Structures are given as structure tokens and as C-alpha cells.
1. Could you grab the relative contact order for region B:127-282? Cα pairs under 8 Å, six or more apart, rounded to a whole percent.
2. Out of residues 5 or more away from A:Lys127 or on other chains, whose amide H comes under 5 Å of its own, with H placed 1.01 Å from N in the peptide plane?
3. What does the charge count near B:His45 come to, summing +1 for each Lys or Arg and -1 for each Asp or Glu among other residues with Cβ under 12 Å from its Cβ?
4. Would the protein assembly as shown count as rounded, prolate or oblate if I go by the C-alpha gyration tensor, calling it rounded below 1.5 in a/c and otherwise prolate when a/b exceeds b/c, oblate otherwise?
5. Taking the simple approach of a point 7 Å from Cα along Cα-to-Cβ for both A:Ser103 and A:His126, what is their distance in nm?
6. Which order do the peptides B:44-57, B:298-311 come out in when sorted by mean C-beta neighbours inside 10 angstrom, highest first?
7. State, as an integer percentage, the relative contact order of region B:1-98 based on alpha-carbon contacts under 8 Å between residues 6 or more apart.
8. Hey, got the average number of other protein chain Cβ atoms within 10 angstrom for residues in B:79-88?
There are 2 protein chains.
Amino acid sequence: MAHEKVNIPPLKDLTIDNITDNVHLINSQCEEPRFKYVMERLVSHLHDFARETRLSTPEWLAGIEFLTAVGKKCTDVRQEFILLSDTLGLSLLVDSIDHPKPSSSTEGTVLGPYHTHDAQDHTLGHKISGDPDGEPLLCLCTVKTTTGEPISDVKIDIWETDSKGSYDVQYEDYSGEKPDGRAVMRSDKDGVFWFKAIVPVPYRIPNDGPVGKMLDKLGRHSWRPSHMHYMFEKPGFDHLITALYLRGDPYETSDAVFGVKESLIVDLGTVTPEQAKKYDIPEGSKLLTYDFVLVTDEETKELRNQKAAEAMKSLGRDNMKILDGLPVPDVD
Amino acid sequence: MAHEKVNIPPLKDLTIDNITDNVHLINSQCEEPRFKYVMERLVSHLHDFARETRLSTPEWLAGIEFLTAVGKKCTDVRQEFILLSDTLGLSLLVDSIDHPKPSSSTEGTVLGPYHTHDAQDHTLGHKISGDPDGEPLLCLCTVKTTTGEPISDVKIDIWETDSKGSYDVQYEDYSGEKPDGRAVMRSDKDGVFWFKAIVPVPYRIPNDGPVGKMLDKLGRHSWRPSHMHYMFEKPGFDHLITALYLRGDPYETSDAVFGVKESLIVDLGTVTPEQAKKYDIPEGSKLLTYDFVLVTDEETKELRNQKAAEAMKSLGRDNMKILDGLPVPDVD
């Protein structure tokens, strides 16, 4: 049998104390510095987790079986690992790291699993929901820079559930040809965009899989508070994925996926007689107003580099450089 | 729609800084103290990993896709998550934590994926391998207590590959009826057990799945050095899963799953004319001798409690108690 040449530095005698160093050593030949650094931190945390919990063999096996079940639950239309990441707060954290925001701008939040590319382009004023049971809602919004300048021609993708708390894609007979509760529109020269929708309602994340069982075992519910999703795109500006939440929702302070932020909670108003006439919507309908603020790519890049450098400093690593916002070992 | 009553303490405004505390808070209602503690450490390490690497959204997605592929690769006869755990050194670490050994005893090592329950009971002296191409090996072993007393009637499960580096179960036509390279036997009144086998050879762990791709990306090979597996069971003694490795193997210092320990490496000897006659094996055949030392359940339990208490102390957690060797929050 032909054996491979071994370039790996020899491992030391393996014990519970030096196993971590030995795994780092065997991974040290990796030619991609960023991947090597990510794996080094991953292995360190994985091992420390086992040491700090004194993880038992039956618990380890339960973990292996849980992860296997999560993988088996994944299909083209169901991503159970993203659901796991969402319910452990990782998705929100990664979004915050990748899209840091100055305090003057609109915060981001979780994308969730129900964004599609089926939504059609519509002019301002479009009624995005065809659900007759939904409570009518007029949305009057603007999109501006951090210095208050209106931003025109921003592509805005909006999606919400129907009055039963289900997205169009969750219905078995959904074909993609008649999207509902979705629209793509563009801001006008004053940065204004407006549309008609229905008042959002709470809904449950899919809880019939291993992640649902985990939530049960943790004594948690699987509800998300009422919200409406927004995605903003314009060249030169950092992609913003966010959502607005309704104040007073029963799950406002216990969102299963940690999406709620104080700055994204809105109080609904009431459409005045003048607005009813102007926007052709029944008087007394609910009204949502919000001024979104986008950050430029330059501002985001600078902030990302700055926060990465701060993180390396607090980690006591002085042998790192920041490349495109990501720390990598500085081998020079 | 009927909403669930929310008992969860209200989450604070979510930011990159307090997301971890908020996940702990939402999990704090968990009624199983041990599970709550394990999840608290898991979430802390998962979040710190993302913060310390400044994990980007594309990297996060690559991780989600990798884990999904690992789950999809798992079948009844292939456990890719265990392979992942093995190649990241976690399996060895968990075994060391769960089965701590005093220095006078035989160290444990990874079980590996090829142990079966097909092996039949045999008397001492059995030839466990039917491979005519294997190099004959005489194995003369004993099993004793940490104070040197022989232990009789220990159930010893032994398994090794054939001369091509494959276990019986890896052949497509394997039915389970004629196990090869496997046997179960029992030590005699002097703690002696002996058998005939073939000299072990190196082999590769399954590398055609996502874990194989990860090893490639890390610049690692997928070889395991030559070894023979042993499992010891007797009521009153801690279950010992171990293996013996051949000194001078090309992969002695770079085992893909970190199983090698200095104390488990053996130098093969040569069968003397007297031994050849006594054990009915060709003169000049290779000889393996080893004295295994088992730990009592009591010794293991004490050591496990002691190491768990030390770990809690070094973690600065003074609100923990040790229950069956496992740390749990002390709520009294």
C-alpha cells in the first residue's frame, strides 16, 4: 500500500490537556490563513465546551443524534440548521457583525426563512396583500442617508404573512406564480415609498422537527411577534435586511429568534380623513410610518474594520491583520 | 388565534453585546438544570466563536451548508457526525473526561466506527483473522488491577482490519454471519488472555464525504496508523475502550483521529522456538505482549468527581454541585 508523505509536525502525547494544541498543530499546515484561524477558534471553543461541561459520552451521543436529525430534516424548502442558528441567537449575531450600524442608522435583523424571489415589481401605492380577512394598513415610509438626504431609486423588497400568520409559500398549493403579501418597489425622488398592506400578526416558526423539540425541552415557545420584513438595496449602500415590530405584541419580549430591537418597534397610528382621501384607503384604517436610514458601503467597511480590530485587541491577539473586515493571522 | 402564556423574563434590547445574555435569559426557564447548564456553555462558546472570528454571513452560510451535507451523508452504517467529532479531537476528549484514568492504569482511546456486536465467543488461543495474506501475530496479554492483582473472567472484545486495511463490515457482501478479524474471549484465573491474529496495517477513514473535503482543505491526510482495538468489561470495573499502536508506523505522529497515546504504542517482538511450540505458531512470527490495567468503578467515580470539581474551580463557578460526576447549578 502506498502511503502519503506526512508533512505534519509530530503530535505530542495526547491527553485531555494537550489534545487542543495537537488539533491546532495538525491543522497548522492549512494553506488558507482565514480558514485556519476560523478552525483554530472553532476547535478551541468546542473543546472548552466539553471541558467546562464535563460532557459525558451519552450526552455527546445525544448531540450527535440531534445534529443528524437536524440534517435529515433539511429539504429544498426547509432549512432546519438555519432555524437552529436563529433560535440560538447566532443568526442575529452574525448579521450584526457583518453589517455593523452607526447609531444614526436603521438596525438590521434576521432575514428569516420566508424571503423569496417571486415578488413582482410594483409602483408606489400597491396593495401587497390580497387577504380579505386582514386588517387594512397604510404604510408611509422614507429612506434617507445618515445625514438626512433622501435616497431615490432604492429597491425595496417587502414581505409579510396573511391574517392567519402564514406566508404564501407555506400553502401546499403555492406555485410561485401568484405571490401574496410580497412586493418590490422603488423609492421616489424624495426618498418616499408607500403601499397598502394588512396589520401583521404573530406566527410560529416550524416546530415539528428537532429544533421544535429542543425549544420544548428548554421551556420556550415557538412564536414570533407580529412584524413586516424589509430589504433595501442600492449600489453604494450597505444591503439592509430589517423588519418592523408592533408594540404591545404578546411576544414582543420573547421572540423565538431574537429579531426584535427597541428601535424597530412601532406604534401604529390611525389614518386621518385627509390621508384616507389622498391614499384611497378607509378612514380610521391603521397607519404605519417609519423613516429608514441606510449606511454607505464606505461607512460599513470602516466600522467593520474598526470592530474587528477592537475584537482582536480584547482577545489579546497582536499577530493579526484585518483583511476585508475579517481577521487573519499576519504572517509577515 | 390563541396565544401561549409567556412566562419568560422580558429580553433586553438586542445588540451584539447583550444577545448572549438574552439567549441565556430565554433559556433560563428550562426545568432540567443539567441541560440548562450545557446549553448555557454551548451558547456562550458559539457566540464567542462568532465574535472572535468576526464570522461573515457567507462563512456562516458555508457552515450551515457543511453541517447539512454532514447530516445528509449519515446512514445506518455511516455516521459522518461521529467522523467529524473524531477528526476535530472531540471524541478522544469526551472519552478522557468520561473515563478518567489514574496514571497506573491503561489509557483509553477512540472507539471508532467499526465495532460490531457480530463477534462470537471463542476460547483462549483462537485465531481471530482468516486472512491468508496477513502476517501472523501471536498476542500474549494479561489484565490486572491497579494494585497488580490478576482479574479473571473479564469479557474482552478484540477487532482489527484484514491485511488490506479493511474491516469485515466494509465489504459489500458482508452479512454479519461470518465475522472476521473479531473475537470475544475471557481472561483465565491468572488474568491471562492470548490469541492469534495478523499484524495490523494502516488504513484510511472514509474520506468521500464532507469530512474528507474538510481534511483536504486543512492539508491533512485521512490515515490511521496500524492498531488493534480492545474493549474490556467486567462488573465493578470501568468499561475500557482502547487500542494498541505499532511503533514506527508512518502515521504514528499524525493519526487523523488523534487516537495514539505514547503508553499505547508497542514494539513487536519475535516468537521464540519455545513459544512457537507452546502456542502452535511458526517460529519467528511476530509477537505482541501487553499488560492491561483496569480501574474499578469506585476509583473512576471518585476521579470523575474530583476532575469536575477542579474544572468548576478553574472556571470560577462557585454555585455548582457535582452530581454523578456532572456539574449542575446548585439551586439550594
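Each value in this text was obtained by applying a stated rule to the coordinates, not by laboratory testing. Quick caveat: nothing in here was measured; it's all calculated off a predicted structure. All Cβ positions, glycine included, derive from the backbone under ideal geometry; neighbour counts span all protein chains shown.
1. Value for region B:127-282: 23 percent.
2. Result for A:Lys127 returns A:Lys196.
3. Working: positive: A:Arg41, A:Arg51, B:Arg41, B:Arg51; negative: A:Asp48, A:Glu52, B:Glu40, B:Asp48, B:Glu52.
Once all neighbours under 12 Å are counted, the net charge is -1.
4. Working: a/c = 2.52, a/b = 2.42, b/c = 1.04.
Here the protein assembly as shown falls in the prolate category.
5. Here the modelled spin labels are 3.8 nm apart.
6. In descending order of packing, they fall as B:44-57, B:298-311.
7. It comes to 13 percent, rounded to a whole number.
8. Averaged over the peptide's residues, the number is 4.
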